[in-house]
Amino acid sequence: MPTVTYAGTNVAVNDEGFFTDPDQWREDMAPEIANAAGIDTLTEQHWQVLKFMRHEYAEKGTGPTVRALGRTSGVSIKQLYQLFPKGPAKLAAKIAGIPKPRGCI
Amino acid sequence: MADNGKIEKVSIVISKGSLEGIYPGLIMANGARAEGMEANLFFTFFGLDAIHRGRHEHIKLATVGNPGLHLATWAGGFPGVSTVMTQYLSRKMEKLDIPSIPEFVEMIADTGAGLYACQASVDLFGLSKDDFVEQVKDIITVGEFYDLAAGGQIIFT
């Protein structure tokens, strides 16, 4: 199992770089993961989405798909793709330290 | 294609006008964008109905000569059967939070995918840009489509 170091701590990730144990995530790791994924700064809107992803994961055991994100996070689909250009649900899940959401829409 | 073999761009052709003929292309385009891939949608022949203002809310399931539906052709041909089956399926899709075709097309455009209509089909059916929803970027020829699709995969549906 590959590991990566964020904010001074070693965490276990899968081949795609997603956290295998979401409990290892801490907020101060997010900017580093975001940087590695090509996002230079996490704005308040970014954080709104990240917090929503962790919340959904905690409640439902899985992160939301893009559609669900666009509907319930308070951020529109257009904005989501501006904040996270390479696939919002996938990228936000990675930065939020939760597994990649499975869903077709 | 990226060094790791991942697809970076897809251009999807939608050529059919039935419910089951249109959805796969839309789902693939939306899915591509969600994976960070560039995506284009090219509507041709009856696929134009999916982006046609007057028709995109009335797309039906094909109930005649559709072996996948497991419905006898004579039964599927009765007046109203197509409408009823379409409504039935649409309700099921709603429960799964699958958007309607107009909503889906809008959503896909919001993700930044390019939506195009086929020039030849537009000429054939006597249509113009005004007939289409505002999300359609342009009416293009097949050659222009190939230019757009360059460097990526082409999926025909």
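Would you check if there is a residue in region A:3-18 being under 19 Å from B:Asn30 (Cβ atoms), within 14 Å of chain B (Cβ to nearest Cβ) and either part of a strand (DSSP E or B) or small (Gly, Ala, Ser) (or both)?
Scanning region A:3-18 turns up no residue that is under 19 Å from B:Asn30 (Cβ atoms), within 14 Å of chain B (Cβ to nearest Cβ) and either part of a strand (DSSP E or B) or small (Gly, Ala, Ser) (or both).
A:Tyr6 - would you say it is surrounded by 15 or more Cβ atoms within 10 Å (Cβ to Cβ) and at pLDDT 95 or above?
So A:Tyr6 does not fit the description; no.
Scan region A:47-102 for residues that are in contact (Cβ under 8 Å) with a residue 40 or more places away in the chain and touching a helix residue (DSSP H, G or I) at 6+ places or on another chain (Cβ under 9 Å) and report the count.
Going through region A:47-102 one residue at a time, the tally reaches 20.
Within region B:11-25, is there a residue that is over 29 Å from A:Pro88 (Cβ atoms) and in contact with an Asp or Glu (Cβ under 6 Å, 6 or more places away or on another chain)?
Within region B:11-25 (the criterion being over 29 Å from A:Pro88 (Cβ atoms) and in contact with an Asp or Glu (Cβ under 6 Å, 6 or more places away or on another chain)), the answer is yes, since at least one residue qualifies.
For region B:80-139, which helices (runs of 4 or more DSSP H) that fit wholly inside it have 2 or more residues that are of a type outside the set (S, T, N, Q) and over 24 Å from B:Lys9 (Cα atoms)?
B:81-95, B:119-124
If a residue must be more than 13 Å from every other protein chain (Cβ to nearest Cβ) and over 18 Å from B:Leu148 (Cα atoms), how many such residues does region B:16-53 contain?
Summing the residues that are more than 13 Å from every other protein chain (Cβ to nearest Cβ) and over 18 Å from B:Leu148 (Cα atoms) in region B:16-53 gives 16.
Could you check region B:28-48 and list, in sequence order, the residues that are touching a residue at least 12 places away in the same chain (Cβ under 8 Å) and surrounded by fewer than 23 Cβ atoms within 10 Å (Cβ to Cβ)?
B:Met28, B:Met37, B:Glu38, B:Asn40, B:Thr44, B:Phe45, B:Phe46
The values are calculated or read from the model by the stated rules, or taken from the named source; none is laboratory data. All values derive from a computational prediction rather than experimental measurement. Virtual Cβ from ideal backbone geometry, glycine too; neighbours counted across all protein chains shown.
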